[in-house]
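Heads up: the structure comes next, in C-alpha cells.
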Amino acid sequence: MPIILVIAFFQIAVLQQPLPNILDLLIGTFFVVLGLTFFIYGLEMGLFPIGESMAYDFAKKGSVVWLLLFSFALGFGTTIAEPALIAVSAEASKVAATAGAITNTTVAMKEYADGLRLTVALSVGFAIVLGVFRILKGWPIHWFIIGGYILVVIITGFAPEEIIGIAYDSGGVTTSTITVPLVTALGVGLASSIKGRNPMIDGFGLIAFASLTPMIFVMIYGMAI
Amino acid sequence: MGAFIVEFVAYIDRFIEILSHTIDDVIPILVILVGFQLFVIRKKIPNVKRVATGFFFVLIGLAFFLQGLEQTLFPIGRLMAAQLTDPSFIFGHEMASNFTFNWQDYYWVYIFAFAIGFSTTIAEPSLLAVAIKAKEVSGGAIGTWGLRLAVALGVAIGISLGTFRIVTGYPIHWFIIFGYIIVVIQTFYAPKMIVPLAYDSGGVTTSTVTVPLVAALGLGLAETVPGRSALIDGFGLIAFASLFPIMSVMAYAQIAEYRSLKAQRRYAQNRPDDQESVSDESDSSTNPIPKPQKQTNSTSGEK
C-alpha cells in the first residue's frame, strides 16, 4: 500500500504531528484491506466468470435488441454496486445537507444519495448501449467523445453551480473495480466476434463513454431538483 | 475491559447495519445477471455453488470495505487537509495569528496531492494490465514503464492542479473545458491506435481506494481554506485525475512515435554523432526510462 507510506511520510516528516485515534485508524485500514481482498476474491470467483461468459454469449448470439438490453443492464447493475460510488454519493449528500441544499434529515440525505447513484447508473447503462452500438457500426470513437465534450460544456452553462463539481467527479468515480473488467470483457468480446473489427481499436472505449455520460446526466439531475 | 466490550459491540452493530445496506446495493446486479442467464440465454448457471460463495464474499468484503472507509480514509483525507492548511503549520507558530493567505503558501498541499496521485497510480494493478496490452499492440513502441509513468504523472499533475483550484477557488468548468480543448486537438495528432486506450486510461486509473481518499482531501481543503464552500469547491479532484491521464498518454504516444521516426531516419542516414545527440535529448525529456529500449528495438529492426 503506497498510500500508507505517503501518508505516514507526510505525517511524520512534514507535519510532525502524531495521528489522533491511531487505533481506530489502524482498525479501519485493516478493514479496508480485508474488505477489498474479500470483495475482489468474491468477484473473481462468482461474478466475473458469469459476466464474461454472458458478455461473450450475447456478443456471439447476434440479436441486437437483446444485446443492447443486456448492455444497459450490465452498465446499470455494475454501477449500482460500485463501492467507490456508494461512498462518494453518501459523502456528497452529507455535504449538500450541511450546506443547506437539502434538508438535514437522514431520509432526505438517503434520497439524495440514492438519486445520485440511480442517475449515474442510468447514465452508465446508456453509455454502454451507445458504446456497443458504436462497436457494431464501427464508427470512430473521437466524434462521440468530442460531441460528448461539447454537450458537457453546453450543459455546464445551464447547471446550478453546486452540482458541477459533483457531476464532473462522478465520471471518474463510476468506473472502478466492478465496472471496468466486466465492461471491457463485453467490448473486447464483441469486437473480436464481429468480422473486420480490431479488438484493440474497437474493443476499448466503452469505459470512456461510461465516464463521460454521468457528467451530463448528473448535471441534468441537478437542474431537475 | 468493559469499555472495550462496549466499543466492540458498537462495531458489530455498525457492521450489521452496513451489511444490510450493502445487500440492498448488490441485489440489483444479482437479479440482472441471474435473470438474463435464465430467461434470455436459457442456460443453467455453471457452478451455482461457486457463484453463490463468490457472491457471499463480495457482500462481506464490500461491507468491511465501506466500514473501514468511513473509519479511516475519509477522516485521514480531511485530517491531512486540515493539518496541511493549518496557519500555524504554514507560517510557523509565532506568526499563527497573521492571516494573509496566498495560494503559494499552500505548497505542501500540492506536493502531497502530487505524491498521493503518483504513488497510487504507479501501483495500480489494472493500469499494469492495460500497459502490457498496449505494449503488445504497439509492437514495443509504447513501453510498459513509459505508459505507467505517463499515466501516473498525469494523475499527479491533475490532482495537484485540482487542489490549486480549490485553494484559489476558480470555477472548475474553465479548467475542464480548457482540458477538453487540448484533448480534442491532441486527438487529431496522436497515433490512431492510442486514442481509445488514452480515453479509457482516464477512467481506469482512479481506483477504489484512491477515489474516496482524494474526495475527502478535496472536501477537507474546501472546508479549511478560508472563503471556500465544500459543496461548490470541494468536489472536482477526481475529474482532474481522470482528465489529465488522457492528455499525458496521448502526449507520450506522440513523443514515442516522433522519437522512433527520428531514430529511424538517423540510422538511415548513418551519421556517426547521432548516438550522442539522442542521449542528450533523453535527459531533457519527461520519460527517460523507455528510451534505451526503443533505441535497441529500432536498431535491430534496421539491421
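Across the range A:129-159, what is the total count of residues that are outside any helix (DSSP H, G or I) and either aliphatic (A, V, I, L, M) or at the interface with chain B (Cβ under 10 Å from one of its Cβ atoms) (or both)?
2
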Within the range B:163-187, work out how many residues are more than 8 Å from every other protein chain (Cβ to nearest Cβ), part of a helix (DSSP H, G or I) and touching a helix residue (DSSP H, G or I) at 6+ places or on another chain (Cβ under 8 Å).
-> 10
Only helices (runs of 4 or more DSSP H) wholly contained in the range B:190-241 count here; list those with 2 or more residues that are surrounded by fewer than 24 Cβ atoms within 10 Å (Cβ to Cβ) and more than 7 Å from every other protein chain (Cβ to nearest Cβ).
-> B:210-224
If we keep just the residues of the range A:134-154 that are surrounded by 16 or more Cβ atoms within 10 Å (Cβ to Cβ), touching a Phe, Trp or Tyr at 6+ places or on another chain (Cβ under 9 Å) and not charged (D, E, K, R), which is farthest from A:Val188 (Cα to Cα)?
-> A:Val152
By residue number, the members of the range B:108-126 that are modelled with pLDDT under 75 and assigned to a helix (DSSP H, G or I) are B:Pro125, B:Ser126
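Condition check ((1) of a type in the set (Val, Ile, Thr); (2) more than 9 Å from chain B (Cβ to nearest Cβ); (3) over 23 Å from B:Ala63 (Cβ atoms)) across all residues:
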| residue | (1), (2), (3) |
| --- | --- |
| A:Pro83 | no, no, no |
| A:Ala92 | no, no, no |
| A:Val107 | yes, yes, no |
| A:Ala113 | no, yes, no |
| A:Val120 | yes, yes, no |
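Okay, residues lined up against (1) among the charged types (D, E, K, R); (2) in contact (Cβ under 8 Å) with a residue 60 or more places away in the chain:
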| residue | (1), (2) |
| --- | --- |
| A:Ser93 | no, no |
| A:Ala96 | no, yes |
| A:Thr119 | no, yes |
| A:Arg134 | yes, yes |
Answer with yes or no whether B:Val31 is modelled with pLDDT of 75 or more and touching a Phe, Trp or Tyr at 6+ places or on another chain (Cβ under 8 Å).
-> no
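Can you confirm whether A:Leu34 is at the interface with chain B (Cβ under 8 Å from one of its Cβ atoms), at pLDDT 70 or above and part of a helix (DSSP H, G or I)?
Yes, satisfied.
The values are calculated or read from the model by the stated rules, or taken from the named source; none is laboratory data. Source: prediction; values computed, not measured. In this analysis, Cβ positions are derived from the backbone assuming ideal geometry, glycine residues included, and neighbour counts consider all displayed protein chains.
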